[in-house]
Amino acid sequence: MPKKLTISLGNIFLVVAVGLLLVLLWQLKSLIVVLMVAIVIAATLAPIIQAANKLGIPRWLSVILVYLGLIATLTGVGLLIGPTVAEQIERLIRKLPSYLEIMRSLLEDLALRLGMSEPDSPLISQFLDIQGLTGWAIRSSQQLVVRSYSLTRGILGSVFGLLLALLLSGYMLSGSEQLLQDIANLFPYPWNKRLLAQVQPVSQRMGGYIQGRILVSGILGILISISLSFLGLSELALGLGVIAGFTNLIPFFGPVIGAIPALIVATAQGGWTFLWVLLLFVVIQNLETYVLDPLLVGTSVKVPPLYQLLAVLGGAQVLGIIGALIVPPWVAGSSVILENLYIKPKLIAEQKQNTH
């Protein structure tokens, strides 16, 4: 006989408690995002802290020295290239309408030469509506930025959110052992031991992912800036290189997004410049895909490209730009737990069953 569904007071209480917990987590979503960012930062800096610890430096002092060094490095880089980058990006934005108009004229002329349409045909207006495409791209970018901003404004703004994430990550690094032990003790035996054993591999995979992406993006940004200077775009080369390097932090879509501004500027310079710049980004993309990513990112991530792609899409959809940056390392870290606590024990159990 089929089992009858019984509704007890305990089941009702459990459903209500889960519902209230979900509502609470939704109300605290901005703080949860900050906590996710803090964990990613802590995992990224953990190897440096451990290296300083091995030299005999106390852990709390190692954290302070690493953070002071990080702040000093970022400040120095900002003072060195920040004004030039800001001026070049401002110039790019100011000249963008004229660049787009030149591109539109060139595309219309190309369409006519290929016999695709007459000058006033709707076909050109539909397929070569550069302003319409640009407007769509700007609106889409604004939606990502607004979605990211809306997550952090609830805790006094994104700047405060970043400072809070840095503070939390510093606390995690300075007192990580006791903190992790306290969290693990919330779980029954033997899960407390199993989960505690996963902290190191999860941290290594998350940190390795971010370290690799930052290193790859920095290398590519420098290469693109130098190459664009040689290709005749010296007045905007540094700004375009910084844009390409920053967007490259986002897997899959970042390199394409970063190439668009340079290609628009190159179009205004002439056909040969456009072809050389296009060839440059093709070479850069292949260098990243087949050389830098396997060496600096792929060995630490161990996540199939499809899952990384889904992580970027899902993160961008839910959390905006912040999600596209922080969700992939979380997927990489979660894959360690899934692999060590489910897949490997399952395979071992199946092998034992087959031998018997």
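The values are calculated or read from the model by the stated rules, or taken from the named source; none is laboratory data. Computed from a prediction, not measured in an experiment: that's the story for all the values here. Note that each Cβ is placed from the backbone with ideal geometry, even for glycine, and that neighbours are counted across all protein chains shown.
Has the range 262-273 got any residue that is within 17 Å of the chain's Cα centre (by Cα) and surrounded by fewer than 21 Cβ atoms within 10 Å (Cβ to Cβ)? So far as the range 262-273 goes, no, none of its residues is within 17 Å of the chain's Cα centre (by Cα) and surrounded by fewer than 21 Cβ atoms within 10 Å (Cβ to Cβ). Taking the listed residues Leu96, Leu79, Leu100, Leu106, the one that is of a type outside the set (Phe, Trp, Tyr), assigned to a helix (DSSP H, G or I), modelled with pLDDT of 85 or more and closer than 21 Å to Leu236 by Cβ is Leu79, with no other qualifying. Taking every residue in the range 263-274 that is aromatic (Phe, Trp, Tyr) and pairing it with any residue that is part of a helix (DSSP H, G or I), at least 6 positions away or on another chain, the pairs with Cβ-Cβ distances below 6 Å are Phe274/Ala266; Phe274/Thr267.
Scanning the range 81-105 for residues being aliphatic (A, V, I, L, M) and under 25 Å from the mean Cα position of the chain (by Cα) gives a total of 6. Only residues that are modelled with pLDDT under 80 and among the hydrophobic types (A, V, I, L, M, F, W, C) were counted across the range 269-290, and they come to 0. If you go through the range 47-62 and keep only what is under 29 Å from the mean Cα position of the chain (by Cα) and of a type in the set (Gly, Ala, Ser), you end up with Ala51, Ala52, Ser62.
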